[in-house]
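Participant: Mind looking over this structure? Questions follow.
The values are calculated or read from the model by the stated rules, or taken from the named source; none is laboratory data. Keep in mind that this is a model prediction, so the values were computed, not measured. No Cβ is skipped: glycine too gets one built from the backbone with ideal geometry, and neighbour counts run over all protein chains shown.
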Amino acid sequence: MNDLMLVRKNLFRKKLRAWLMIVSILVAFLIFGMLASFYRAFTAGEDAAAADRLVVVNKINFTQPLPIAYFNRVRAMEGVRQVAHLNWFGGYYQEPKNFLIVFAVEPQTYMDVYGNDLDIPADMRQAFLRERTGALVGEAMARKWGWKVGDRVPIASNIFSQKSGARTWDMTIVGIMKAKTPQMDTNFMAFQYGYFDETRSFGKDQIGWMVLQTTSPSVNDKVAKAIDASFANSPYETATDTEKAFNKAFVAQIGNIALIMTLVIGAAFVTILMIVGNTMALTIRERTREIGVLKTLGFSGQRILGMVLGESVLLAMLGGIPGLAIAAFIAFMLRENLANFIPGFAMTPGIAIAGIAMILALGLITGIIPALNAMRLRIAAALGRG
Amino acid sequence: MRSLLLQVIAVTTINLKSISQRLWLSLSTVVAVALVVMVLLAFLAMANGFQRTLAGSGSDDIAIFLRGGSQAEINSTVARDQVRLIEDAPGIARGPDGKPLISPELYVVVDGIKRSSLTKANLPLRGIGEQGATLRKGIAITEGRMFNRGANEVVVGKGLLKEFAGFELGKTVAFATSRWTVVGIFEAEGSVFESEIWADLPVVQSLFNRPNVVQTVRARLENPASLAALKSYNDNDARMKLDVKSEAAYFADQAGQTTDVIQKLGWPLAIAMAFGALAGALNTMYSSVAARAVEIATLRAIGFGGFPAFVGTMIESLVLAAIGGVIGAAATYLIFDGLTASTLGGSFTQVVFAFKLSPALIWQGVLLALVVGLIGGLFPAIRAARMPIVAGLYA
């Protein structure tokens, strides 16, 4: 009979009480795991942003267009390695509720700028350049709709219409884009700007925004200032920012999600700390006499301390680790369903490590006071009591 | 019967009086339940506030015309000749001068700085027609004046001013090369229009380089029932084929999704936390029964039944949970009620809304607390009622 066995026996002496505490700890870490995954997905855009990428938008607001002429002017600027332009299409498939993230892009520059994030095989690249109605579809989107290379799909827009009055554009899937980094989400598609611009009924020769790579992150500031200065006082002034700052501001538009998450997780943990802490104190107090007996048998104070702390840590782990595992499982199951709203919803190793650290902390905090009391207990007092 | 009642009262009193002996354990149950109720009510108040803001914006007797399939104002465009056709449409109310009461509008998105995060946010700048303000309920200028027609002037909604910086009365704001002066602040009964900036339609069209472009048309109906006539007029004319709906229906659609998401997040979180709190409540109540084992057995030995022991424990649990529920509801009311926040709405622009608790929501919160108390008390109460007298006396 070693100490570990004693710890386990002690913990499950009152089975119901132990299970109740395990369940409440499990729930707390389930909440933590889910919300942390959720929050990470929300801020994934920030992580996916490359340090040397800048975004150029209309200064009034990023939904306002820019003239296509700006594209060549920016391309020629010092410090700009390569630049692509994108246009929001407002796409949906068959029914407005099936909304799709669709961009109209110039193929070559688009594939250049996103070369480090997207894996597109050479033959698919060629096909995208060649095929006027060709479209590249992200892996996640292709999987969701069961599309494969060669399929012809009608994509509708809730913003644009064709000169013919039609609201859908026929596109041929010429390639599937895979993510090169885990932060990159692939629930989107891109099609040729040329095809889009020639057929749309309004907005000709306008682009949505530009994404560019600088020659080095150290010149970001200078390049951004130079771009904005060169278009100042024109009808289309620009605002240039790093991709990271742009994505961050966009997420902030939805609301103060970080604060909400912190409050909820905080509330869940305060609850658990109080319940488990109190119960641990209670169980140790009930065992005062036994601890006196152990000490009489020659157990040292440190050993008692270790046993009580071991019990509270074991309790925290028995609840916390399955809680994290269930959260990871649920996140995995929900991933497809939530792809449109919160892409990249998944539990990362970082979240799991933070969770395990919190489990240990919870075990130590709830156990430390009862453990110290038990360690300091004098035999005479312990045996005399109860 | 009377004696049973007296027994119940006696045991319940003992139960409640003994709470102070398990102060910390009982307190932790109360706090746990209070936190569960707070989380639930904060989410529900958020969803409710958002929904009220949008629901309060639409009227039944206003029709809104959007391009077919565009869903939101920002995506819509209405052609010039379509506007003329709408002017002649049946069912639209006319002013004393015989002109139809309609407002063609242009909806552009401009940047503002959100005060709480100091980041850029999408704000709607609406160019409204002559009748624009009268087609909305309860528009009142609270400071300054209405913009003059043809001038580079804007009026700003009260909600927008509160959440976003740079639009104070008298300030000049620049959108590209155009400069605008804020000449007035308006109220709109807390509706979504309070999150908007308004200016004269022709001025917005020319300064935003969109001559003669209109995105939506609002029209006052003779009465809500004339929407049907208007719809059939629209559907039967090949030149129209717009989406026509009542403004109330339009905003109800807009509110649906966001409200849904908030509620779908709030309830599962609260229920998961309730399980945690339930574990705490069960623990407390089992401890209560264990601590009073001798006492319960003694009462049984002198002739008390099992039922009073059951009721006493149940009531102790319910009282603790109810106190937690009420504290949670009160704290939510004090901290969150009336708190303003903003989020992206259906037209891709910020909607300012206030958290709003209602008696129905508070009742839902307290009910959840009582469910925790009920389940948390039930099993320990059964144990109390069934406790063998002899074993109890020797405990």
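Participant: Could you list, in sequence order, all residues of segment A:321-357 that are touching a Pro at 6+ places or on another chain (Cβ under 9 Å) and either of a type in the set (G, A, S) or outside any loop (DSSP other than H, G, I, E, B) (or both)?
Facilitator: Answer for segment A:321-357, where residues must be touching a Pro at 6+ places or on another chain (Cβ under 9 Å) and either of a type in the set (G, A, S) or outside any loop (DSSP other than H, G, I, E, B) (or both): A:G344, A:A346.
Participant: State the number of residues belonging to segment A:164-205 that are within 14 Å of chain B (Cβ to nearest Cβ) and surrounded by 18 or more Cβ atoms within 10 Å (Cβ to Cβ).
Facilitator: 3
Let's see how each residue does on (1) in contact with a Ser or Thr (Cβ under 6 Å, 6 or more places away or on another chain); (2) within 30 Å of A:R81 (Cβ to Cβ); (3) not charged (D, E, K, R):
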| position | (1), (2), (3) |
| --- | --- |
| A:Y114 | no, yes, yes |
| A:A122 | no, yes, yes |
| A:R125 | no, yes, no |
| A:V137 | no, yes, yes |
| A:W145 | no, no, yes |
| A:K148 | no, no, no |
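Participant: Which of the residues spanning segment B:98-125 are under 25 Å from A:F89 (Cα atoms) and away from chain A (no Cβ under 14 Å)?
Facilitator: Listed by number, the residues that qualify are B:P104, B:E105.
Rundown of residues vs (1) buried (at least 16 other Cβ atoms within 10 Å of the Cβ); (2) of a type in the set (D, E, K, R); (3) over 30 Å from B:Q350 (Cβ atoms), yes/no style:
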position: A:K244; (1), (2), (3): yes, yes, no
position: A:G255; (1), (2), (3): yes, no, no
position: A:I265; (1), (2), (3): yes, no, no
position: A:R285; (1), (2), (3): no, yes, yes
position: A:T288; (1), (2), (3): yes, no, yes
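Participant: Then there's this: Could you count how many residues in segment B:42-97 are more than 14 Å from chain A (Cβ to nearest Cβ) and either assigned to a loop (DSSP other than H, G, I, E, B) or of a type in the set (G, A, S) (or both)?
Facilitator: So the count comes out to 16.
Participant: Residues of segment B:30-41 being buried (at least 23 other Cβ atoms within 10 Å of the Cβ) and at the interface with chain A (Cβ under 8 Å from one of its Cβ atoms), which ones? Give the steps one after another, and end with the answer.
Facilitator: Of segment B:30-41, the ones buried (at least 23 other Cβ atoms within 10 Å of the Cβ) are B:30, B:32-41.
Selection gives B:A32, B:L35, B:V36, B:M38, B:V39.
Participant: If you don't mind, another one. When you go through (1) surrounded by 23 or more Cβ atoms within 10 Å (Cβ to Cβ); (2) over 29 Å from B:P359 (Cβ atoms); (3) away from chain A (no Cβ under 14 Å) one by one for B:L25, which number turns out not to apply?
Facilitator: All conditions are met except number (3).
Participant: Moving to a separate point now. Testing B:K241 on (1) away from chain A (no Cβ under 14 Å); (2) out of contact with any Ser or Thr (no Cβ under 8 Å at 6 or more places or on another chain); (3) surrounded by fewer than 24 Cβ atoms within 10 Å (Cβ to Cβ), one condition comes back false. Which one is that?
Facilitator: (1)
Participant: How many residues does segment B:267-285 contain that are touching a residue at least 60 places away in the same chain (Cβ under 8 Å), facing another protein chain (nearest Cβ under 7 Å) and surrounded by fewer than 24 Cβ atoms within 10 Å (Cβ to Cβ)?
Facilitator: Selection size over segment B:267-285: 1.
Participant: In segment A:251-284, what residues are of a type in the set (S, T, Y), without any contact (Cβ under 8 Å) to a residue 60 or more places away in the chain and within 8 Å of chain B (Cβ to nearest Cβ)?
Facilitator: none
Participant: Of all residues in segment A:150-163, which are surrounded by fewer than 15 Cβ atoms within 10 Å (Cβ to Cβ) and touching a helix residue (DSSP H, G or I) at 6+ places or on another chain (Cβ under 8 Å)?
Facilitator: A:K163, the sole residue that qualifies.
Participant: Another question about this same structure. How do the pairs read when you match residues in segment A:116-131 that are without any contact (Cβ under 8 Å) to a residue 60 or more places away in the chain and of a type outside the set (A, V, I, L, M, F, W, C) with residues anywhere that are in a helix (DSSP H, G or I) and crowded, with 17+ Cβ neighbours inside 10 Å, using Cβ under 7 Å and keeping only pairs 6 or more apart or on different chains?
Facilitator: A:R125/A:M111
Participant: Which is of a type in the set (D, E) and over 30 Å from the mean Cα position of the chain (by Cα), of B:E189, B:E196, B:E153?
Facilitator: That would be B:E153, the only listed residue that is of a type in the set (D, E) and over 30 Å from the mean Cα position of the chain (by Cα).
Participant: Considering only residues that are within 12 Å of chain B (Cβ to nearest Cβ) and not in a helix (DSSP H, G or I), which ones fall in segment A:35-54?
Facilitator: Passing the criteria: none in range.
Participant: Could you please find all residues in segment B:208-238 being part of a loop (DSSP other than H, G, I, E, B) and either closer than 28 Å to A:P65 by Cα or touching a Cys at 6+ places or on another chain (Cβ under 7 Å) (or both)?
Facilitator: If the condition is that a residue be part of a loop (DSSP other than H, G, I, E, B) and either closer than 28 Å to A:P65 by Cα or touching a Cys at 6+ places or on another chain (Cβ under 7 Å) (or both), then B:F208, B:N209, B:R210, B:P211, B:N212, B:V213, B:Q215 are the ones that fit.
Participant: Going residue by residue through segment A:323-333, is there one that turns out to be over 21 Å from A:K9 (Cβ atoms), of a type in the set (V, I, T) and either crowded, with 16+ Cβ neighbours inside 10 Å or at pLDDT 90 or above (or both)? Write out each step before concluding.
Facilitator: Let us first name the residues in segment A:323-333 that are over 21 Å from A:K9 (Cβ atoms), namely A:323-333.
Those still in the list that are of a type in the set (V, I, T) too: A:326, A:330.
With the extra rule that they be either crowded, with 16+ Cβ neighbours inside 10 Å or at pLDDT 90 or above (or both), the set shrinks to A:326, A:330.
Yes.
Participant: So how many residues does segment B:284-335 have that are outside any helix (DSSP H, G or I) and either among the β-branched types (V, I, T) or more than 28 Å from B:M1 (Cβ to Cβ) (or both)?
Facilitator: Within segment B:284-335, the subset outside any helix (DSSP H, G or I) is B:292, B:302-305.
Narrowing the set further to residues that are either among the β-branched types (V, I, T) or more than 28 Å from B:M1 (Cβ to Cβ) (or both) leaves B:302.
Within segment B:284-335, residues that are outside any helix (DSSP H, G or I) and either among the β-branched types (V, I, T) or more than 28 Å from B:M1 (Cβ to Cβ) (or both) number 1.
Participant: On to the next question. Could you say whether any residue in segment A:18-34 is surrounded by fewer than 17 Cβ atoms within 10 Å (Cβ to Cβ) and more than 12 Å from chain B (Cβ to nearest Cβ)?
Facilitator: no
Participant: Here is a follow-up. Here is a check on your reading of the model: is A:S216 touching a residue at least 12 places away in the same chain (Cβ under 8 Å), farther than 27 Å from B:T343 by Cα and touching a Lys or Arg at 6+ places or on another chain (Cβ under 7 Å)?
Facilitator: no
Participant: Let me ask another. Checking A:A48 against (1) closer than 20 Å to A:M111 by Cα; (2) touching a strand residue (DSSP E or B) at 6+ places or on another chain (Cβ under 8 Å); (3) aliphatic (A, V, I, L, M), which single condition isn't satisfied?
Facilitator: (2)
Participant: As an exercise: evaluate B:S342 against (1) assigned to a helix (DSSP H, G or I); (2) within 13 Å of chain A (Cβ to nearest Cβ); (3) at pLDDT 90 or above; (4) buried (at least 17 other Cβ atoms within 10 Å of the Cβ) and give the number of the one condition it does not meet.
Facilitator: So B:S342 meets the others, but not (1).
Participant: To continue, here is another question. Do you know which residues across segment A:332-368 are within 14 Å of chain B (Cβ to nearest Cβ) and over 19 Å from the mean Cα position of the chain (by Cα)?
Facilitator: Passing the criteria: A:L362, A:T366.
Participant: Here is a follow-up. Consider A:K248 carefully, then state whether it is in a helix (DSSP H, G or I) and more than 9 Å from every other protein chain (Cβ to nearest Cβ).
Facilitator: So A:K248 fails the test.
Participant: Kindly provide the set of residues from segment B:316-339 that are of a type in the set (V, I, T), buried (at least 18 other Cβ atoms within 10 Å of the Cβ) and under 24 Å from A:G255 (Cα atoms), ordered by number.
Facilitator: Start the filter on segment B:316-339 by keeping residues that are of a type in the set (V, I, T), which leaves B:319, B:323, B:326-327, B:332, B:335.
With the extra rule that they be buried (at least 18 other Cβ atoms within 10 Å of the Cβ), the set shrinks to B:319, B:323, B:326-327, B:332.
Matches in segment B:316-339: B:T332 only.
Participant: Next question, about the same structure. When segment B:141-178 is examined, which residues are found to be hydroxyl-bearing (S, T, Y) and touching a helix residue (DSSP H, G or I) at 6+ places or on another chain (Cβ under 6 Å)?
Facilitator: Within segment B:141-178, B:S178 is the sole residue that qualifies.
Participant: Another one. Looking at segment B:189-202, is at least one residue farther than 26 Å from B:E163 by Cα and assigned to a strand (DSSP E or B)?
Facilitator: No, the conditions are met nowhere in segment B:189-202.
Participant: Additional query: Looking at segment B:165-213, which of its residues are farther than 25 Å from B:L118 by Cβ and of a type in the set (S, T, Y)?
Facilitator: Scanning segment B:165-213 gives B:T177, B:S191, B:S206.
Participant: Next question, about the same structure. In segment B:30-65, which residue that is touching a Phe, Trp or Tyr at 6+ places or on another chain (Cβ under 8 Å) and of a type in the set (A, V, I, L, M) is farthest from B:S103 (Cα to Cα)?
Facilitator: It comes out as B:L40.
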